[in-house]
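Notes follow once the structure below has been shown.
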Amino acid sequence: MKREATKGILMNRKQAAIYVKTLFPKWDTTAAVMAVWDSIKRYDFKPFKIGGRVHYYKHNIDKGFEVRLDR
């Protein structure tokens, strides 16, 4: 848990999709949508793998939306 204390809240792809849905309730965000956004680099969430599964830090998701939506 030391990593979480220094880097922030860690979420897997499904948890990240639920978090995005709380930010934007009208968006139908699922884990599959998050995968597409990663592959086409729509938002810069800086995903990384742990044990073959994709994870995100909450602050990177927030920052990715700030940069994209401020344009």
Residue by residue through region 39-45, which ³J(HN,Hα) values in whole Hz follow from phi under the Karplus form 6.51 cos²θ - 1.76 cosθ + 1.60 (θ = phi - 60°), with glycine and proline marked x? 5, 9, 6, 5, 10, 8, 8
Count of Lys pairs (Cα-Cα under 17 Å; at least 8 positions apart or interchain) in region 2-69: 15
I'm spelling it out carefully: the read-out is Cα extents along the principal axes in Å, the candidates are [x] 69, 32, 16; [y] 65, 14, 13; [z] 34, 24, 21, and one was derived from this structure. Which label? [z]
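When only C-alpha pairs under 8 Å and at least 6 residues apart count, what is the relative contact order of the chain, in percent?
Averaging sequence separation for qualifying contacts and normalising by length gives 34 percent for the chain.
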A35 paired with K14, simple spin-label distance in nm, labels 7 Å along Cα-to-beta-carbon: 1.3
Specify the angular offset, from 0 to 90 degrees and rounded to the nearest 10, of the alpha carbon long axis of helix 58-69 from the longest principal axis of the alpha carbons in the chain. 20
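Only the coordinates and a few stated rules stand behind these numbers; no lab work does. In this text, all values refer to a predicted model and were calculated from it rather than measured experimentally. Because the Cβ atoms are built from the backbone with ideal geometry, glycine has one as well, and the counts that use them run over all protein chains shown.
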